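One structure below.
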Amino acid sequence: MCNAMKHGGPDDEGFYADDTIGLQFGHRRLALIDLTAGGHQPMLAVEEKLAITFNGEIYNFQELKKELSATGYPFRTQSDTEVILAAYHTWGVSSFRKFNGMFAFALHDQSQQLTYLVRDQAGIKPLYYSVQNKQLIFSSEVKAFKKTSYTFVKNKNWKTYFLAFGHIPQPFTTLQDVFSLKPGHYLKWDHEYQAHEIISFKPLPLSAPITSPLQAAENLGKSLENAVQRHLIADAPIGVFLSGGIDSSIITLLANQHTGKNLKSLSINFADPTFSEEQYQKLVTEKTGGIHQTYLVNEQDFNAGFEEIMTAMDQPTNDGINSWFVNKYAKENNLKAVLSGIGADELLGGYPSFSRMGLIRTLQKLPAFILRFCERLPSEKLKRIYYLSYKNPIGEYLFLRGFFIPETIAKILKISKKEIDQLFEAFPIGDEINILQGAERASWLETSIYMQNQLLKDTDFMSMSHGIEVRVPFLDQHFLATINGIASTQRFPAQKKGLLIQAFKKILPEAIWNRPKMGFSFPLQQWFLKGGQISQEQFYKNNEFAVKLIEKFKSGKLHWSKAFALYQVCKED
């Protein structure tokens, strides 16, 4: 299992075993804090009664360490890993809520005969588990499960989920009985009874939200500035990814305030001006010190890297190619970690979905048979209205961001549409969405489904494939608390991300925020067509309907992302 994840932890390897209960921990290390042997994992503490294997960063570890040192805890290292052990020893499971960071860890408490799997509140770091025959198996990547002596079979529904979502939504994976642990939850495994329970440690909602626009902008600005400063803590080279959009530009400018001439930033550009944001990147780098590196990605680079990109994918995805290249160049730039602007769109209203919630409410008033009839309409976007016939809120997400509609999925997979409808109607979704409306509801859908399942998951395995850590200041726990303490009317003004813009108008060039939104995308329609990676007939020889769809792609009538999804599904057959 460790060998399968060596790419993500190239600096060290370690193992821990307690043969009396059949426990085994393995760890591959990517060293960013305390680069000495003191940071070796698995790490033991308190007369070797506690053991941990930890992936991620605790950004407030220095404050916690100071507090714990005052109680007399005898620290031996400079690592944040030891702080987790000390915090658990002092405060028990209530310590999990005190950690501000991105983390997935397994902690064994020998005296209690308990092992905990713990995942951060924002779901930044992945953590997968399986319970088989009273045995618990866990890992940071799904591919590692296949390296065990246990038997894992494919999840018969993964292709259905993938063709609808463009990713495989948590808690599901491509393997049956291998699940993603919910963000902000811990799994408690009792070794005596060989049983488990899953418990939430998410923060409680705040009351009395801020309604003053000026106060909201001031609080947001200070909180994000502090978050960026925390995320720059490292004993290894760290940089910033600058796309030229609002979010990465703000992160870069804030990082510059704390690093100045030592700031390392990097950007990706293309020869095709339609996709290049170089002019906006220059507006930011003119305001910063340090070294900025720009990399031009062309069709030859894409063709040369395609097989590596496919290998890097831990789970099927319709995204992530851009992330693979960003991290490739970060590695070439001798960086160990990169700051990213992920999270701002989802938290502060940057997507079209935020203005479409009223339309959803109106459409949902129509009889179900009319909504289902919409799959016969000529427009692909209108066909997705069909998803609103579901009583499950997951239908709203699929209306907003779904890929193929059930009728098309049924033809591709040669299964009944009724089976697909039943699967999505029964999709497990959090109860918290039931009390949300409007922009807050859109934010929940974008954050809990799109960001956690697509952006964060893709970013993690694409960055780990190069041994790079991506840090996301917009998902800092203190910043999230600040955002959740702002009234919806101020958090989601008419202008997209208006509150964020207002908070940083003094440092953010107007040309960056006063322009149409441009997603970080590649010229993949042309590259896939010319390269032919996903349109070769041998991948679809057993599927006549798939062949027809690929012909549509070749004639420019099907988006590359749908063809790419089709390729990933059919090459498995």
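The values are calculated or read from the model by the stated rules, or taken from the named source; none is laboratory data. Everything numeric here is computed off the predicted structure, so don't read it as measured data. Heads up, the Cβs are rebuilt from the backbone with ideal geometry, glycines too, and the neighbour counts pull from every protein chain shown.
Considering the conditions (1) modelled with pLDDT of 95 or more; (2) in a loop (DSSP other than H, G, I, E, B); (3) more than 20 Å from the chain's Cα centre (by Cα), Leu335 is excluded by exactly one of them, (1).
Kindly indicate whether Lys125 is of a type in the set (Lys, Arg), at pLDDT 95 or above, crowded, with 20+ Cβ neighbours inside 10 Å and in a helix (DSSP H, G or I). For Lys125, the condition - of a type in the set (Lys, Arg), at pLDDT 95 or above, crowded, with 20+ Cβ neighbours inside 10 Å and in a helix (DSSP H, G or I) - is not met. Go through the residues of the stretch 359-382 one by one and say whether even a single one is touching a Gly at 6+ places or on another chain (Cβ under 7 Å), outside the structural domain of Lys497 (by TED's automatic domain parsing), crowded, with 17+ Cβ neighbours inside 10 Å and not aliphatic (A, V, I, L, M). No, the stretch 359-382 has no match at all. Would you check which residues across the stretch 463-476 are assigned to a helix (DSSP H, G or I) and touching a Lys or Arg at 6+ places or on another chain (Cβ under 9 Å) and list them? Selection gives Pro473 alone.
From the set of residues in the stretch 18-32 that are closer than 13 Å to His191 by Cα and in a strand (DSSP E or B), which is farthest from the chain's Cα centre (by Cα)? Result: Asp18.
Among the residues that make up the stretch 255-263, is at least one of them within 30 Å of Ser95 (Cα to Cα) and either in a helix (DSSP H, G or I) or touching a strand residue (DSSP E or B) at 6+ places or on another chain (Cβ under 6 Å) (or both)? So that I can check it myself, show each step before the final result.
Of the stretch 255-263, the ones within 30 Å of Ser95 (Cα to Cα) are 255, 258.
Then keep just the ones that are either in a helix (DSSP H, G or I) or touching a strand residue (DSSP E or B) at 6+ places or on another chain (Cβ under 6 Å) (or both); that gives 255, 258.
The answer is yes; a qualifying residue exists.
For the residues Ala312, Ala330, Ala344, the requirement of being touching a strand residue (DSSP E or B) at 6+ places or on another chain (Cβ under 7 Å) and crowded, with 18+ Cβ neighbours inside 10 Å singles out Ala330. For the stretch 230-247, filtering for residues that are under 29 Å from Ser79 (Cβ atoms) and in contact with a Leu (Cβ under 8 Å, 6 or more places away or on another chain) leaves 10.
Out of Tyr73, Tyr88, one residue alone is over 30 Å from Tyr150 (Cα atoms), part of a helix (DSSP H, G or I), among the aromatic types (Phe, Trp, Tyr) and not assigned by TED's automatic domain parsing to the domain that holds Asn334. It is Tyr88. Return yes or no: is Glu425 among the acidic types (Asp, Glu) and outside the structural domain of Ala236 (by TED's automatic domain parsing)? Yes; evaluated as a whole, the condition is true for this residue. With the structure loaded, tell me whether Leu266 is aliphatic (A, V, I, L, M), within 30 Å of Lys6 (Cβ to Cβ) and buried (at least 20 other Cβ atoms within 10 Å of the Cβ) or whether it fails that test. Against the criterion (aliphatic (A, V, I, L, M), within 30 Å of Lys6 (Cβ to Cβ) and buried (at least 20 other Cβ atoms within 10 Å of the Cβ)), Leu266 qualifies. Cβ-Cβ distances below 8 Å connect the following pairs, each with a first residue in the stretch 307-322 that is within 20 Å of Lys159 (Cβ to Cβ), a second residue that is in a loop (DSSP other than H, G, I, E, B) and aromatic (Phe, Trp, Tyr), and a separation of six or more residues or different chains: Asn318/Phe403.
Would the stretch 372-391 turn up any residue that is of a type in the set (Phe, Trp, Tyr) and touching a residue at least 40 places away in the same chain (Cβ under 8 Å)? Checking the stretch 372-391: not a single residue is of a type in the set (Phe, Trp, Tyr) and touching a residue at least 40 places away in the same chain (Cβ under 8 Å). Checked against (1) under 30 Å from Gly9 (Cα atoms); (2) not assigned by TED's automatic domain parsing to the domain that holds Asn219, Asp476 passes all but condition (2). Anything in the stretch 520-562 that is at pLDDT 90 or above, among the charged types (D, E, K, R) and not in a helix (DSSP H, G or I)? List them, or say none. Of everything in the stretch 520-562, just one residue is at pLDDT 90 or above, among the charged types (D, E, K, R) and not in a helix (DSSP H, G or I), namely Lys557. Of all residues in the stretch 277-322, those satisfying the criterion of being out of contact with any Gly (no Cβ under 9 Å at 6 or more places or on another chain), within 14 Å of Ser465 (Cβ to Cβ) and assigned to a helix (DSSP H, G or I) are Gly305, Glu307, Glu308, Met310, Thr311, Asn322.
Going by what's in this entry, would Lys457 be described as assigned to a helix (DSSP H, G or I) and among the basic types (Lys, Arg)? Yes; evaluated as a whole, the condition is true for this residue. The selection criterion, being in contact with a Leu (Cβ under 6 Å, 6 or more places away or on another chain) and in contact (Cβ under 8 Å) with a residue 60 or more places away in the chain, does not hold for Leu163. The residue list Ala410, Ala481, Ala442 contains one member that is surrounded by 21 or more Cβ atoms within 10 Å (Cβ to Cβ) and either in a helix (DSSP H, G or I) or at pLDDT 95 or above (or both), which is Ala442.
Looking across the stretch 272-297 at every residue that is under 15 Å from Val240 (Cα atoms) and of a type in the set (A, V, I, L, M), the one that is surrounded by the most Cβ atoms within 10 Å (Cβ to Cβ) is identified as Val284. Residue count for the stretch 138-170 under the criterion of being in a loop (DSSP other than H, G, I, E, B), of a type outside the set (Val, Ile, Thr) and over 27 Å from Phe424 (Cβ atoms): the result is 3. Considering the stretch 204-228, and only residues there that are under 12 Å from Thr482 (Cβ atoms) and not in a helix (DSSP H, G or I), the residue that is nearest to the chain's Cα centre (by Cα) turns out to be Leu206.
Only one of the numbered conditions (1) in contact (Cβ under 8 Å) with a residue 40 or more places away in the chain; (2) within 21 Å of Arg471 (Cα to Cα) is violated by Lys98, and that is (1).
Assess whether Glu346 counts as being of a type in the set (Asp, Glu) and farther than 24 Å from Gln121 by Cα.
Considered against the rule, which asks whether it is of a type in the set (Asp, Glu) and farther than 24 Å from Gln121 by Cα, Glu346 comes out as no.
Total residues in the stretch 264-299 satisfying the condition of being closer than 20 Å to Tyr329 by Cα and either touching a Ser or Thr at 6+ places or on another chain (Cβ under 6 Å) or charged (D, E, K, R) (or both): the figure is 14. Quick check: is even one residue across the stretch 111-119 farther than 15 Å from Trp189 by Cα and either touching a residue at least 60 places away in the same chain (Cβ under 8 Å) or not assigned by TED's automatic domain parsing to the domain that holds Cys570 (or both)? Within the stretch 111-119 (the criterion being farther than 15 Å from Trp189 by Cα and either touching a residue at least 60 places away in the same chain (Cβ under 8 Å) or not assigned by TED's automatic domain parsing to the domain that holds Cys570 (or both)), the answer is no, since none of the residues qualifies.
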